[in-house]
Amino acid sequence: MIVPRPYNLIAELTYRCPLRCAYCSNPLDYAGVREGLDAKEWARVFRQAAELGVLHVGLTGGEPCVREDLAEIVAAAAEAELYIHLVTAGTHLDADGLDALVDAGLRSVQLSLQDVEPEPADRLAGGAFFERKLAFAAWVRARDLPLTLNVVLHRGNLERTRDAVELAARLGAHRVELANVQLHGWALRNREALLPGRAQLEAASQAVREARRDHPKLQIVFVLPDHFSDRPKPCMGGWGRKNAVVAPDGLVLPCHGARALPLEFWSAREHAFGVCWSDAPGMNAYRGETWMRDPCRTCPERERDFGGCRCQAFALAGDAAEADPACALAPAHDVVLAARRRADAAGEAPGLVYRGDR
Ligand code: SF4
Ligand code: FES
């Protein structure tokens with residue numbers, strides 16, 4: 001098999017986080033994962049990734065800013081000539097801390113917001129963070145860094161979709177990602193509380209059309225949740241194809257969720273990054289098309305969506321080699337239809353299970 005070269009590295013520096021969002025995409029057992037790579041080891045991973053063709057690194061977590069060696073890690077990525085993007089909740093750095101990252105080579109920032117109003121935002125995040133996040137956004141823009149605002153949309157806040165765009169415009173963001181919640185990790189536990197009904201989604205889609213008309217310079221990304229689209233998304237641009245995730249313990253993965261699958265991945269602590277990417281059995285399990293069964297095996301869409309999300313197939317159909325149940329042609333699509341029907345019929349959403357709750 002010809003192994004493609006990754007161009008994007010998602011560096012999960014830690015699973016620690018001061019927030020406890022009920023849709024966190026970190027693994028359910030995140031607390032048991034050691035933080036295995038120090039700044040020097042990250043520097044080696046960045047060098048090896050750059051040699052393989054990686055151009056871009058997203059520093060994420062958990063909350064990457066809880067790492068005291070973050071500026072050293074940023075400097076190492078700059079040394080490897082990677083474009084450095086920080087994905088943060090914006091609650092941990094002060095203005096001097098941000099300056100240190102900019103001096104080290106930080107190029108752009110994505111700030112997550114749980115909502116556009118303080119009360120629901122702080123409730124979902126598990127603490128009084130909203131005002132600090134807005135202050136952080138202002139510091140980012142004052143340093144002329146490109147800012148992306150990421151707002152996770154769900155049953156409890158879709159009605160404020162338009163407000164999210166207005167807030168992004170006021171903050172001077174270049175891009176706003178209206179990210180309909182993906183049902184992975186903690187979010188799958190909270191599916192009944194988070195999954196919106198179709199009428200809510202249609203109203204939000206209309207709000208986005210109007211916002212695009214009114215803010216032509218703001219890049220507005222809005223993607224329907226898998227559960228309502230009848231065709232899956234090309235998760236991560238295909239398994240082991242473009243994007244590599246390096247988890248806090250050094251495991252090289254094709255996506256955030258793959259460590260929950262019964263597959264063998266290798267650690268960048270023990271092998272060169274390129275070897276983990278090319279040769280680990282887990283990385284090759286769903287690369288290309290040879291693993292596909294019907295209906296994907298003969299479907300013309302397979303070159304576009306790569307059969308959808310393996311982690312979703314594992315979580316919902318019990319077999320990662322099945323077609324993603326989000327696809328209307330998938331044998332397990334009934335699971336998604338049933339969830340959709342429940343969401344359409346549901347009254348008040350049930351309470352949330354927060355990250356860290358058992
Ligand atoms: Fe994609 Fe497979 Fe569905 Fe075809 S059958 S659209 S390849 S998930
Ligand atoms: Fe793992 Fe989609 S999240 S393949």
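The values are calculated or read from the model by the stated rules, or taken from the named source; none is laboratory data. Given the structure is predicted, the values throughout are model-derived calculations rather than measurements. Counting neighbours? That spans all protein chains shown, and the Cβs are built from the backbone with ideal geometry, glycine included. Remember, those area values only see protein heavy atoms, side chains included, never the ligands or the DNA or RNA. Shrake-Rupley method; radii C 1.70, N 1.55, O 1.52, S 1.80 Å.
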- Task: Quick one: Trp277 ticks every box in (1) in contact with a Pro (Cβ under 9 Å, 6 or more places away or on another chain); (2) modelled with pLDDT of 95 or more; (3) open to solvent by 10 Å² or more (accessible area, probe 1.4 Å) except a single one, so which number is it?
- Result: (3)
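When the residues of the stretch 307-334 are narrowed to those that are more than 16 Å from ligand 2 (Cβ to nearest atom) and part of a helix (DSSP H, G or I), which ends up surrounded by the fewest Cβ atoms within 10 Å (Cβ to Cβ)?
Residues of the stretch 307-334 more than 16 Å from ligand 2 (Cβ to nearest atom): 328-329, 331, 333-334.
Keeping just the survivors that are part of a helix (DSSP H, G or I) gives 333-334.
Details: His333: 18, Asp334: 10.
This residue is Asp334.
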- Query: Within the stretch 159-230, which helices (runs of 4 or more DSSP H) (wholly inside it) include 3 or more residues that are in contact with a strand residue (DSSP E or B) (Cβ under 8 Å, 6 or more places away or on another chain)?
  - Reply: 161-171, 198-214
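Return the total of residues in the stretch 157-166 being touching a Lys or Arg at 6+ places or on another chain (Cβ under 9 Å) and surrounded by fewer than 20 Cβ atoms within 10 Å (Cβ to Cβ).
Pass one, the stretch 157-166, residues touching a Lys or Arg at 6+ places or on another chain (Cβ under 9 Å): 165.
If we keep only those that are surrounded by fewer than 20 Cβ atoms within 10 Å (Cβ to Cβ) as well, we get none.
Looking only at that region, the number is 0.
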- Message: Checking the conditions here, which among Arg304, Arg293 is charged (D, E, K, R), open to solvent by 40 Å² or more (accessible area, probe 1.4 Å) and touching a residue at least 60 places away in the same chain (Cβ under 8 Å)?
- Response: Arg304
- Message: Would you confirm whether or not the stretch 172-180 contains a residue that is more than 16 Å from ligand 2 (Cβ to nearest atom), open to solvent by 10 Å² or more (accessible area, probe 1.4 Å) and at pLDDT below 95?
- Response: no
- In the stretch 210-237, what residues are more than 11 Å from ligand 1 (Cβ to nearest atom), under 22 Å from Gly288 (Cα atoms) and surrounded by fewer than 21 Cβ atoms within 10 Å (Cβ to Cβ)? Gly237
